[in-house]
Amino acid sequence: MNFDQTYIAIRKRNVLEIFDLALLVIRDHFRPLLILWLVGTVPFFIANWFAIRWMTVDAYDRELLTLYFWTMVVLISNQAQVATTFLTNYLGQAIFSQRPSVAMSIRSTFGVSPYYVWTQGILRMVAPVFLTVWLLNRESTSDSLAGVYFLLLCLATVGLIVRCSRPFSSEILLLEKTPIRRSGNANGRNQIHYSLRSSSLHKAASSELIGRFILMSLLSIPVTITFLGSLLLIDSSLNLHPTSGYMPLMIYGPIALWITAGIMAVVRFLSYIDIRIRQEGWELELRL
């Protein structure tokens with residue numbers, strides 16, 4: 001890596017500076033980031049809609065609306081890191097090169113190790129949470145519905161804890177291309193593999209990562225509300241849904257959540273770069 005030819009300046013940043021830098025990165029790379037955000041999130045948007053569309057049959061039922069939003073929040077918060085994989089891969093290439101193409105970013109993302117499916121789909125409970133949501137249906141009794149929802153929240157909590165303690169697994173596998181295990185030859189004894197790399201990166205900054213995760217979660221709430229209010233204002237100004245009850249909320253709520261997920265993916269990537277700058281002495285190496 002050439003530290004004197006990077007897209008962003010190599011220096012330590014606090015959390016607020018990272019958020020500010022994320023907005024600048026989104027502005028400068030808006031078009032490719034938008035395309036890659038759509039490529040990653042639209043399949044999940046459609047799958048989630050079909051999984052819980054029965055909750056939208058009555059646009060005036062507040063109980064169903066509440067259940068719909070809680071389920072959608074659980075799903076999107078659980079799927080966000082996987083859905084923004086293409087976006088993360090693009091940012092990793094853009095920071096050290098001249099604006100990679102969208103097609104190249106997509107192709108290189110599909111070349112990631114199959115272990116990525118295990119770490120993101122299983123360890124972070126993306127697949128178990130989605131399958132549990134499929135168990136929810138309109139014919140369920142209140143007791144069975146409560147049981148399934150309790151299981152859903154337990155699985156989502158486990159995935160949340162794993163993401164909080166190991167937030168940069170995507171970057172390690174996608175960008176650093178760390179092997180899953182040591183090779184069997186003599187040179188493999190000193191080889192850095194995924195488990196060792198993940199431990200060295202995350203454990204040294206565990207308290208910092210937990211604090212940033214909590215702050216990002218708290219800031220996600222007003223960001224989502226802002227986008228949701230903006231979408232509802234546009235809908236009201238254009239009079240798109242004059243007599244549809246809560247239907248605009250059901251449509252624009254997930255959109256606002258996915259927009260927030262895209263922004264937080266950029267913040268997470270820049271936080272990953274900041275942690276590496278602090279741990280590996282990039283700033284000192286650049287000065288030398």
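Key figures
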item	result
Excluding exposed DSSP-loop chymotrypsin sites (Phe, Trp or Tyr not before Pro) (at most 15 other C-beta within 10 Å), longest clean stretch of the chain	97-288
Inter-site label distance for residue 46 and residue 107 at 7 Å from Cα along Cβ, in nm	2.4 nm
Solvent-accessible ranking of 154, 164, largest area first, probe 1.4 Å	154, 164
Rule-of-thumb Rg ratio for the stretch 9-80 [Cα; 2.2 N^0.38 Å; N residues]	1.57
Using alpha-carbon coordinates, inclination of helix 142-165 to the longest axis of the chain, degrees	20 degrees
222 nm mean residue ellipticity, helices alone, for the chain (DSSP H n ≥ 4; -39,500 (n - 2.57); rounded to 500)	-23000 deg cm²/dmol
Proximal charge balance of residue 18 [Cβ under 11 Å; K/R count +1, D/E count -1]	+1
Cut-off of 10 Å, at most 13 other beta carbons, DSSP loop: longest stretch of the chain lacking such trypsin sites (Lys or Arg not before Pro)	13-137
Residue-level accessible surface for residue 105, protein heavy atoms, 1.4 Å, Å²	0 Å²
Percent of Cα pairs exceeding the 31 Å cut-off, where the set is the chain	33 percent
Solvent-accessible area of residue 220 with every protein chain in place, 1.4 Å probe, in Å² to the nearest 10	30 Å²
FRET efficiency estimate (nearest 0.05) - Cβ-Cβ, residue 137 to residue 99, R0 35 angstrom	0.15
Sequence of 29, 193 from largest to smallest accessible area, 1.4 Å probe	193, 29
Exposure of residue 238 as accessible area (Å², to 10), given a probe of 1.4 Å and all protein chains	110 Å²
C-alpha long axis of helix 15-28 to longest principal axis of the chain, angle in °	80 degrees
Charge tally in the Cβ shell below 15 Å around residue 266, where Lys, Arg are +1 and Asp, Glu are -1, residue 266 excluded	0
Exposure ranking of 20, 274 by accessible area [1.4 Å probe, largest first]	20, 274
Principal-axis tilt of helix 206-238 within the chain, Cα atoms, nearest 10 degrees	40 degrees
Top positive-direction residue, dipole computed over the chain with Cβ charges, set 238, 263, 67	263
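The values are calculated or read from the model by the stated rules, or taken from the named source; none is laboratory data. Remember, predicted model here, so these are calculated numbers, not experimental data. Note that each Cβ is placed from the backbone with ideal geometry, even for glycine, and that neighbours are counted across all protein chains shown. Note: areas computed on protein heavy atoms with side chains; ligands, DNA, RNA excluded. Shrake-Rupley method; radii C 1.70, N 1.55, O 1.52, S 1.80 Å.
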